[in-house]
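The values are calculated or read from the model by the stated rules, or taken from the named source; none is laboratory data. Because the structure is predicted, anything quoted here is derived from the model rather than measured. Because the Cβ atoms are built from the backbone with ideal geometry, glycine has one as well, and the counts that use them run over all protein chains shown.
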């Protein structure tokens with residue numbers, strides 16, 4: 001049985017307090033629902049001496065109207081998936097949240113936690129005993145080469161959060177609180193192409209809210225490939241959103257996940273369909289752009305070719321779904 005290491009739990013009473021506590025202690029970590037943090041601690045991928053809980057911070061849970069929609073970072077994935085306003089106006093997000101793991105974990109896991117989900121790799125997501133026997137990897141031991149690509153200068157662990165590509169195509173922003181104040185950033189600015197330093201957040205910064213623009217005229221969807229259909233992390237995922245005017249695509253966004261260390265919008269895919277009637281040729285061009293952008297490595301389930309092909313196939317399926325047939 002894998003057991004948690006010893007740690008001290010501190011319950012923050014405000015986002016500013018949580019930011020200050022984590023910012024002042026290099027061995028402190030934030031915890032929300034804990035569905036990813038606690039398994040990582042059991043495998044000794046993380047060994048914080050202090051966990052700063054956000055569970056009792058007021059105002060961080062709930063879905064509220066704004067210009068569009070405002071979702072507190074502590075809102076559970078189950079709540080997001082079932083909320084009528086999310087399902088009606090932001091279908092990609094409702095679908096993505098509903099595909100995360102199992103019902104039990106969606107009842108505990110939070111939207112903010114999913115946004116900050118650790119990157120994954122077959123060499124990293126193992127017990128401490130397994131990793132010690134294999135000689136560890138770059139993500140936990142800086143002196144070790146990447147086991148996936150020994151010549152790589154960076155960790156190639158993959159981004160595996162389902163809700164991030166959905167939020168990217170929906171034009172979401174994140175509200176972030178630090179010890180010195182708040183700021184709001186485009187969601188894509190939170191991520192970088194690095195399996196270790198995958199978040200751009202400064203130490204101590206806390207994601208407190210996700211802000212969605214008005215959904216007027218937008219249609220969206222999310223498709224996910226995984227080993228087990230009942231639950232599992234994605235090994236390839238595509239989100240797409242379009243807004244039609246006069247029978248043609250006025251705006252579009254397409255995003256990939258689980259095919260690199262960073263979830264990303266594929267500009268070429270959007271450019272291929274904007275101004276078109278979303279005909280088969282335009283959809284094929286967008287799918288080709290996603291296939292070209294996909295850069296899977298041999299570090300999760302599924303083969304490289306299978307996952308790269310999924311970027312094309314899922315883009316075609318997503319856009320046909322949005323077209324209506």
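Scan (1) touching a residue at least 40 places away in the same chain (Cβ under 8 Å); (2) within 30 Å of residue 220 (Cβ to Cβ) for the single condition residue 140 breaks and write down its number.
Residue 140 satisfies every listed condition except (2).
Can you confirm whether the stretch 53-60 contains a residue that is under 28 Å from residue 300 (Cβ atoms), touching a helix residue (DSSP H, G or I) at 6+ places or on another chain (Cβ under 8 Å) and buried (at least 23 other Cβ atoms within 10 Å of the Cβ)?
Of the stretch 53-60, the ones under 28 Å from residue 300 (Cβ atoms) are none.
No, that holds for no residue.
Looking at 260, 246, which one is in the same structural domain as residue 290 (by TED's automatic domain parsing), out of contact with any helix residue (DSSP H, G or I) (no Cβ under 6 Å at 6 or more places or on another chain) and buried (at least 18 other Cβ atoms within 10 Å of the Cβ)?
It is 260.
Looking only at the stretch 26-35, which residues are buried (at least 17 other Cβ atoms within 10 Å of the Cβ) and free of Cβ contacts under 8 Å to residues at least 60 places away in the same chain?
28, 29, 31 - these are the residues of the stretch 26-35 that are buried (at least 17 other Cβ atoms within 10 Å of the Cβ) and free of Cβ contacts under 8 Å to residues at least 60 places away in the same chain.
Of these, 58, 48, which one is over 23 Å from residue 210 (Cβ atoms), more than 21 Å from the chain's Cα centre (by Cα) and either in a loop (DSSP other than H, G, I, E, B) or touching a residue at least 40 places away in the same chain (Cβ under 8 Å) (or both)?
Values: 58 fails: over 23 Å from residue 210 (Cβ atoms).
When all the criteria are applied, what remains is 48.
From 164, 169, grab the single residue that is touching a residue at least 24 places away in the same chain (Cβ under 8 Å), under 11 Å from the mean Cα position of the chain (by Cα) and not assigned by TED's automatic domain parsing to the domain that holds residue 300.
None of the other options fit; the residue is 164.
All but one of (1) surrounded by fewer than 19 Cβ atoms within 10 Å (Cβ to Cβ); (2) in contact with a helix residue (DSSP H, G or I) (Cβ under 9 Å, 6 or more places away or on another chain); (3) at pLDDT below 95 hold for residue 204; which doesn't?
With (1) surrounded by fewer than 19 Cβ atoms within 10 Å (Cβ to Cβ); (2) in contact with a helix residue (DSSP H, G or I) (Cβ under 9 Å, 6 or more places away or on another chain); (3) at pLDDT below 95 applied to residue 204, the lone miss is (1).
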